[in-house]
Amino acid sequence: MVTVSHPDPKDFTYADVGATREQGFCPPGFHPMNVRTRLGEGEEVFRRASEAVLTWEMHRTMGVGVDTSADRAAPGVDVTVTLAGMIKAPCRVVWTVEEPRRAGWAYGTLPGHPETGEESFVVDRTGDGTVWLTVNAFSRAAKWYARAGGPATRGLQHAYARRCGSVLRNLATPEGSDT
């Protein structure tokens, strides 16, 4: 079941709140990102990966600071991610999904975030039993230092998304292997 909040768009720093539900959608003026990582196979891998995504465990294991208003992702939950102990990125969860073969959530940027846009983290189990993490986003720089970074900033976003996949694989598979 997909749960969507109906937030006041004026709270966010962009207009297309919730748009990451549509795979591949990118509003004009934003940069798209779609990174898909194979995690393994089977129901147990799916269950572990889903739980790690929905409870912030994946993010915390990556070493980023995560301050949330709830223990589990849900629409309306505020999340502040801290990078390198210095950069604070305030967000709010805009939708979640918890289905037998798909689980995850997306957050949108709030004022003070270095970027403007939305990012989703979704675990899905395909028909052949393979489990994947897809990090889907659209963004553009909001702070001067994000603008100054230009393509390097987007490269860091892609590296972060790939790191999410490798960390989640380690959390979801018995020995972090490519099962």
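The values are calculated or read from the model by the stated rules, or taken from the named source; none is laboratory data. Remember, it's a predicted structure, so these values are computed and weren't measured experimentally. Note: ideal-geometry Cβ built from the backbone for every residue, glycine included; neighbour counts use all protein chains shown. Surface accessibility is based on the protein's heavy atoms, side chains included, excluding ligands, DNA and RNA. Shrake-Rupley method; radii C 1.70, N 1.55, O 1.52, S 1.80 Å.
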- prompt: Quick one: would you say Ala152 is more than 23 Å from Glu51 (Cα to Cα), hydrophobic (A, V, I, L, M, F, W, C) and loosely packed, with under 15 Cβ neighbours inside 10 Å?
  reply: yes
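Counting only residues that are open to solvent by 10 Å² or more (accessible area, probe 1.4 Å) and either closer than 28 Å to Lys143 by Cα or of a type in the set (Lys, Arg) (or both), how many does region 97-107 have?
As a first pass, look at region 97-107 and keep what is open to solvent by 10 Å² or more (accessible area, probe 1.4 Å): 98-102, 107.
Imposing the further condition that a residue be either closer than 28 Å to Lys143 by Cα or of a type in the set (Lys, Arg) (or both) reduces the set to 101-102, 107.
Number of matching residues: 3.
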statement: Listed by range, strands (runs of 3 or more DSSP E) wholly within region 1-70 having at least 1 residues that are among the hydrophobic types (A, V, I, L, M, F, W, C), over 16 Å from the mean Cα position of the chain (by Cα) and at pLDDT 95 or above are none
- prompt: Within region 114-124, is even one residue in contact with a strand residue (DSSP E or B) (Cβ under 6 Å, 6 or more places away or on another chain) and open to solvent by 40 Å² or more (accessible area, probe 1.4 Å)?
  reply: no
message: Among the numbered criteria (1) under 14 Å from Ala89 (Cβ atoms); (2) open to solvent by 20 Å² or more (accessible area, probe 1.4 Å); (3) not aromatic (Phe, Trp, Tyr), which one does Ser139 miss?
response: (2)
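Looking at this structure, is Gly117 closer than 15 Å to Asn34 by Cα and in contact with a Ser or Thr (Cβ under 7 Å, 6 or more places away or on another chain)? Explain how you work it out, then say what you get.
Numbers: closer than 15 Å to Asn34 by Cα: yes; in contact with a Ser or Thr (Cβ under 7 Å, 6 or more places away or on another chain): yes.
Yes: the conditions hold for Gly117.
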statement: Looking across region 74-96 at residues that are in contact with a Phe, Trp or Tyr (Cβ under 9 Å, 6 or more places away or on another chain) and in a loop (DSSP other than H, G, I, E, B), the single one that is least open to solvent (accessible area, probe 1.4 Å) is Val77
query: Which residues, counting only those in region 58-73, are surrounded by fewer than 17 Cβ atoms within 10 Å (Cβ to Cβ) and not hydroxyl-bearing (Ser, Thr, Tyr)?
result: Arg60, Met62, Gly63, Gly65, Val66, Asp67, Ala70, Asp71, Arg72
statement: Of (1) farther than 21 Å from Ala172 by Cα; (2) part of a strand (DSSP E or B); (3) out of contact with any Phe, Trp or Tyr (no Cβ under 6 Å at 6 or more places or on another chain), Asn136 satisfies every one except (1)
